[in-house]
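Student: First, the structure itself, so that you have it in front of you.
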Amino acid sequence: MIGIYDYTVILTYGNAVFSIIGMYLALTQHIVEAIFCLVFSGICDMFDGFVANTKERTKSEMCYGIQIDSLADLISFGVFPTVLGYASGLTQGIYLPLFVFYILAALIRLAHYNVTEMERKEHCDTCREYYEGLPVTSSAALIPLLFFIAGRLHIAFTLIYPAALLVIGFLFISKVKIKKVDPRKLAFGAFVGAVVAFFVR
């Protein structure tokens, strides 16, 4: 079979699997469970690079890892949030341009990151300290947090979600510099937010 199937990409595949399951759950009106899947996708993405770097890989394996990671991220943090919005009630045609913009912004952000990261690695071996634009993985923490806040304030999720997607999409393609955060902190915050959202729904 073509492709790579060792442990270096298992979390990346897990990222995609959780998002596909999450989209199914969202479309069958299991919104909270879908939010959990988004969180788990984010956790997989936050640690896949760390796991992959534990093995000495060939250039071909590294390139494959980069490409498959971006493709999985597009599904999980580009397409999945729009499906979540549709399943939550944003079914009118007026929201279609918003969904298109959000997915396109995520796509552009991922392509830009890949290009700049490859260029950076050609000149230095140090870890990146800042991101240019909001990383798409941030959706795995921001959307559950938004869901929790909406529940606590008794605000319909569909009232604030369109504005959130619009702002997040613009941040994806903005030139704002964001300091790189320890992925363990992001993962913990996203998971706690989802757990709280589950109990206050």
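Student: Does Lys185 qualify as being modelled with pLDDT under 90 and touching a strand residue (DSSP E or B) at 6+ places or on another chain (Cβ under 7 Å)?
Tutor: no
Student: Also, I was wondering about something else. Would you mention how many residues in the stretch 50-86 are under 18 Å from Ala106 (Cβ atoms) and either of a type outside the set (S, T, N, Q) or at pLDDT 95 or above (or both)?
Tutor: Total satisfying the criteria: 19.
Student: Another question, if that's okay. From the list Tyr86, Tyr95, exactly one residue is within 19 Å of Ala140 (Cβ to Cβ), surrounded by fewer than 20 Cβ atoms within 10 Å (Cβ to Cβ), aromatic (Phe, Trp, Tyr) and over 14 Å from the mean Cα position of the chain (by Cα). Which is it?
Tutor: Tyr86
Student: Report, ordered by the first and then the second residue, all pairs with beta carbons closer than 6 Å, sequence separation of six or more or different chains, a first member in the stretch 167-182 that is modelled with pLDDT under 85, and a second member that is surrounded by fewer than 14 Cβ atoms within 10 Å (Cβ to Cβ) and of a type in the set (Asp, Glu).
Tutor: Taking only residues 6 or more apart or on different chains, the pairs are Lys180/Glu129.
Student: Shifting gears a bit: Against the definition (part of a helix (DSSP H, G or I) and touching a residue at least 60 places away in the same chain (Cβ under 8 Å)), how does Ile20 come out, yes or no?
Tutor: Against the criterion (part of a helix (DSSP H, G or I) and touching a residue at least 60 places away in the same chain (Cβ under 8 Å)), Ile20 does not qualify.
Student: Within the stretch 143-164, restricting attention to residues that are farther than 23 Å from Ile94 by Cβ and in a helix (DSSP H, G or I), which residue is farthest from the chain's Cα centre (by Cα)?
Tutor: Arg152
The values are calculated or read from the model by the stated rules, or taken from the named source; none is laboratory data. What you see is a predicted model, and the numbers here were worked out from it, not measured in a lab. Note that each Cβ is placed from the backbone with ideal geometry, even for glycine, and that neighbours are counted across all protein chains shown.
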